[in-house]
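What follows is a short report on a single structure.
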Amino acid sequence: MNPKAAAALATVLWGFTYVVTTLMLPPHPFLISAVRAMGGAIILLLIARQLPAPGWLGRLIILGTLNTCLFFSLLFVSALRLPGGVAAIFQALGPLFVILLGWAILGAKPSVLKILSVIIGVIGVSLVVLKGDAQVDLLGVLAALGSTLSLALGGVLMNRWGKPPMGMINFTGWQLFIAGVELSLLTALMGDFPTELTSTHLLGFFILALALTAIPFVLWFRAIAHAGAVTIAPFFLLVPITAFALDAIIKSVVPTPFQLLGIAIVIAGLLLSQKKLPTPT
């Protein structure tokens, strides 16, 4: 699959996470994070059936912690303390963080067009999801920024270290497994367990682990490996847009003109981010 198509599909799938979490899962964010990571890991490792490549265990621990453990846990903390629209704005800053980290770590100086396209995308997301009466919680803001920065740094480090000497399914599975162990310990420390689990909860956990974690993370990491974190980062803007569209469909909410304008701006920013400038002659 084309790397950009893979990135787009991954982010659209991630956009379903909010709906599945709110409609099918118990209100225990740390447990959800742990099951999501470990469930996805088990599925992928059963397919790969391979140990990590020699010399890559330390890197896998770092990447698993950044891309999954910190990302999941801080994301849920921000979701608990911030309105969804505010949290989505900080998620939309992810592509900008990737561009700046890529400049600092990879020496990939961004073009003005690339930065402008991401800023346009953030403005578009703001029009779609932000409400005028949204309240801002400092801890929630820090958690949202931390989760976004964590995923951005993980993607850039993947580029820094090069394509891993193992299959992408194996590579993704071990990252999720490491994060699953970390998040399981965190869940136990927090005592974040429900009194009972229903069949709906179990089905929700399966969907979350397979369709919204294992598959999109493989697609996302494969896209980074082939096209680079800076190139595919703007596709992350599709996550809040997808989540908004699904929420509007489920609740039968008709988008306002400003929200429709915001969606158009996000798409324009995404298309602009993929435009290549002519090479000077």
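FYI, it's all coordinate maths here, none of it is from the lab. Because the structure is predicted, anything quoted here is derived from the model rather than measured. A quick note on method: Cβ atoms are made from the backbone with ideal geometry, for glycine too, and the neighbour counts reach across all protein chains shown.
A few points about this structure:
- Note on the stretch 44-86: along the principal axes its Cα atoms extend 43, 22, 12 Å, ordered by decreasing extent.
- Cα-based convex hull volume of the stretch 22-69 per residue, rounded to whole Å³: 82 Å³
- The lysines whose alpha-carbon is closer than 22 Å to the alpha-carbon of residue 275, local same-chain residues fewer than 8 away aside, are 4, 109, 114.
- Cα centroid separation, the stretch 210-259 to the stretch 1-66 (Å): 14 Å
- Taking only the Cα atoms of the stretch 42-124, the radius of gyration and Dmax are 16.9, 44 Å.
- Pair-distance distribution of the chain: all C-alpha pairs, bin width 5 Å, starting at 0; shares per bin in whole percent are 1, 6, 12, 17, 20, 17, 13, 8, 4, 1, 0, 0, 0, 0.
- Sequence-separation-based contact order of the chain, relative, with Cα cut under 8 Å and 6+ spacing, percent: 42 percent
- By definition, a body whose alpha carbon gyration tensor gives a ≥ b ≥ c is oblate when a/c is 1.5 or more and a/b is not larger than b/c, and the stretch 90-212 fits this oblate description.
- Rounded if a/c under 1.5, otherwise prolate or oblate - the stretch 132-271, Cα gyration tensor axes: oblate
- Loop sites here are trypsin sites (Lys or Arg not before Pro) outside DSSP states H, G, I, E and B with no more than 14 other Cβ atoms within 10 Å. The longest part of the chain free of them is 132-250.
- Scattering profile of the stretch 178-245 at q = 0.12 Å⁻¹ [log10 I(q)/I(0), Debye over alpha-carbon scatterers]: -0.51
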